1. Quick one: if the Förster radius is 45 Å, what FRET efficiency do Ile119 and Asp24 give, using the C-beta to C-beta distance and rounding to 0.05?
2. Between the alpha-carbon centers of the range 111-128 and the range 24-79, tell me the distance in whole angstrom.
3. For the range 293-313 and the range 158-179, write down the distance between their C-alpha centroids in whole Å.
4. May I ask you to derive the relative contact order of the range 28-349, considering only C-alpha pairs under 8 Å and at least 6 residues apart, and to give it as an integer percent?
5. Can you give the accessible area per residue of the chain, in Å², using a 1.4 Å probe?
6. Using a Förster distance of 51 Å, how high is the FRET efficiency between Tyr54 and Leu152, based on the Cβ-Cβ distance and rounded to 0.05?
7. Would you calculate the separation in nanometres between label points at Asp294 and Asp127, each defined as 7 Å from the Cα along the Cα-to-beta-carbon direction?
8. If you plug each phi of the range 257-266 into the Karplus form 6.51 cos²θ - 1.76 cosθ + 1.60 with θ = phi - 60°, what whole-Hz ³J(HN,Hα) values come out, in order, with x for Gly and Pro?
Amino acid sequence: MGESNSFSLILICMCFLQVIVGDDQLAPALYAFGDSLLDSGNNNYLPTWAKANYYPYGSTSFRFPTGRFSDGKNVADFVAEFLGLPLPPPAMSPESSGTVTGLNYASGSCGILPATGGILGKCLNLDDQINKFQSLVEGELTHHFGSKKDLLNYLSKSIVIFNIGSNDMGAYPLSGSTPQQFAQILLDHLSEALKRLYGLGVRKVVVFEVGPLGCTPGVAKMTPHFGLCSESTNQFISVYNTQLDATLKDLTSTLQGSSFVIARYFSLGLDIIKNPSKYGLTDTRNPCCEALGDGTSSCIPMVPGCKDVAKHFFWDGVHQTEAVYKIESDQCIHNSSFCSPLSIQGLVEL
Ligand SMILES: *[C@@H]1O[C@H](CO)[C@@H](O)[C@H](O)[C@H]1NC(C)=O
């Protein structure tokens, strides 16, 4: 009796969602902002050395190099699949024009601060990304929806994800500030960007913590204790993540009707690296592809990746494998202690 009741309740809820957004979509759109952890090919269109548009990138799920800095899909892709949406195309691609199911603005090597990543060429920093989204809302989307009410309804139900900040961490040693001060500079900037999105009508936002970068081959090899996860780097990142959590809570309580969710990736990443077998992995130390700079950087072009990519944590010297992005995505979609205080499932049901 109880079981059949809750079953029909689920059916009613699902029909209700379908009436709102149509088809089998759980949200009308997914928009992604950030760096190479989410980039789906924006850097293909920019003059930069930070590119992943060559073999062996993309060789797992796509079987061709899309510009994603992994062997396959990233977190934006897995979240889009869960929502029943197409994978958000890179906003820089001419073919993305007219897409109303979401776009990807993330750009490899860029960060929160405008100066971050510039050494490698042109990339879309946080402000560039928000500016482009604002143009989309005020131009194409305003046209598409006709009425302001329909546009705001669409924006308020859309899901937005951020993974940004990793590339800014490198500027800390040069900043001459304390970890707390430097983190606050980044978060003031991020906070302004999130308020701009709210001002445009966005309500449901997930922001990923910066991961344990001290454990990446790129960082760890430069420290005396390679393989042990550089303590000082990770401690600094923890300070940033703690302040990020406070910033998001503050935004949620001050901006009416908003939900700013934190994805607690730092601890998960560290746990996967330290206890690989818990997650079905065997190697959480060496990149799967043959990477430049003695395994610390991008994949060497045209050299095949390892045979057991799904058992590796690192795809190249910096980025994770699709297998790891899948673990993160599943956690954020379903676990409200990981994506907190609401999982993506929870955000959808709001
Ligand atoms: C949910 O997330 C928390 C925080 O990351 C973690 O401790 C817990 O094990 C996760 N639960 C499941 C079922 O994965």
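The values are calculated or read from the model by the stated rules, or taken from the named source; none is laboratory data. Only a predicted model underlies this, so the values are computations on that prediction, with no experimental measurement involved. Methodologically, a virtual Cβ is constructed for each residue, glycine included, from the backbone with ideal geometry; neighbour enumeration extends over all protein chains shown. Accessible surface is based on the protein model in full, side chains and every heavy atom, while ligands, DNA and RNA are left aside. Shrake-Rupley method; radii C 1.70, N 1.55, O 1.52, S 1.80 Å.
1. On the way: r = 44 Å, r/R0 = 0.98.
It comes out at approximately 0.55.
2. 18
3. A separation of 26 Å, based on Cα centres.
4. Averaging sequence separation for qualifying contacts and normalising by length gives 17 percent for the range 28-349.
5. Values: 15190 Å² over 350 residues.
Accessible area per residue: 43 Å².
6. For Tyr54 and Leu152, the calculated efficiency is 0.75.
7. Roughly 3.9 nm, to one decimal.
8. x, 9, 10, 9, 9, 9, 9, 7, 7, 4
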